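The values are calculated or read from the model by the stated rules, or taken from the named source; none is laboratory data. Quantities reported herein were computed from a predicted structural model and do not represent experimental measurements. Here the Cβ positions follow ideal geometry from the backbone for every residue, glycine too, while neighbour counts run over all protein chains shown.
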Amino acid sequence: MTKPKQMDGLQESEEAHRRKVVTRLARIEGQVRGIQNMITDNCSCEQVALQLTAARRALDKAFYEMIACSLNSHIEAAGDITEIRASTKDLARLLAKFG
């Protein structure tokens with residue numbers, strides 16, 4: 001049995017999104033290693049704080065992208081408006097808890 005084309009496209013889109021997020025996380029990992037080196041090299045607290053802020057914002061952006069991906073997946077999989085509302089409510093709860 002073959003998969004519907006819409007599902008193939010959705011799966012390809014989700015895979016591309018995963019690769020993008022993994023790439024973003026690898027950059028953040030590099031930022032964090034750089035911050036560790038800055039601390040080891042006795043850089044000023046202000047310089048370290050600036051880089052910590054940049055890394056935190058990058059991580060927040062990755063989080064929001066994952067929530068958006070989850071929202072899209074829930075909407076695509078939902079059968080009717082009631083299911084969409086329930087999914088949206090769950091995601092809103094996650095944003096309130098972690099966002």
- Query: Which condition breaks for GLY30 when tested against (1) surrounded by 13 or more Cβ atoms within 10 Å (Cβ to Cβ); (2) modelled with pLDDT of 85 or more; (3) part of a helix (DSSP H, G or I)?
  - Reply: (1)
- Task: Check ALA54, ALA49, ALA16, ALA58 and return the single one that is part of a helix (DSSP H, G or I), within 20 Å of LEU95 (Cα to Cα) and among the aliphatic types (A, V, I, L, M).
- Result: ALA58
- Query: Can you tell me which residue in region 65-99 is nearest to the chain's Cα centre (by Cα), limited to those that are of a type in the set (Ser, Thr, Tyr) and surrounded by 12 or more Cβ atoms within 10 Å (Cβ to Cβ)?
  - Reply: SER70
- Those residues that are farther than 14 Å from LEU25 by Cβ and in contact (Cβ under 8 Å) with a residue 24 or more places away in the chain, I need them from region 53-68; list them, please. ILE67
- Query: hydroxyl-bearing (Ser, Thr, Tyr) and surrounded by fewer than 12 Cβ atoms within 10 Å (Cβ to Cβ): does that describe THR53?
  - Reply: yes
